[in-house]
Amino acid sequence: MRNANKLGYYIWKRINQDQENYRKTRPPNIRGLYFNRSDIDSYIKDYFNYGWDWDDTSKEELQEPNYWDERDVDV
C-alpha cells in the first residue's frame, strides 16, 4: 500500500507541474484539466523506469556526471 501512495503522490505532483505548461498549448477537457490519458500513462512509465523522485526538474541532474551533491564545507 505504501508504494501505491507514492505512485499517487507522484502522479499528483506531475499533473500539477504540467498543468501550467499544457495550459499554453492544449485546450482544456470537459473537467477543465489540460492533461489526458496518455500523459498519465507516461507518468506511470516514468515512475517505474526512473523512480518516484523523477520530475521535469530532475532531467538536468541526469546530464551531470556526478549523481551526489557536492560536499558541504561547513560539515
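What does the net charge come to around Lys45 if you take all other residues with beta carbon closer than 12 Å to its beta carbon, with K and R at +1 and D and E at -1?
-2
Most exposed first by the Cβ proxy, i.e. fewest other Cβ within 10 Å, how do Arg31, Arg23 rank?
If I rank by nearby Cβ atoms, fewest first, I get Arg31, Arg23.
Count the net charge of all other residues whose Cβ sits under 14 Å from the Cβ of Tyr34, scoring Lys and Arg as +1 and Asp and Glu as -1.
That works out to +3.
So what J values fall out for segment 17-24 if you push phi through Karplus, 6.51 cos²θ - 1.76 cosθ + 1.60 with θ = phi - 60°, rounded to Hz, Gly and Pro as x?
My calculation for segment 17-24 gives 5, 7, 4, 5, 5, 6, 4, 7 Hz in order.
Only the coordinates and a few stated rules stand behind these numbers; no lab work does. Just so we're clear, the structure is a prediction, and the values are computed from it rather than from any experiment. Quick reminder, even Gly has a Cβ in these numbers, built from the backbone with ideal geometry, and neighbours come from all protein chains shown.
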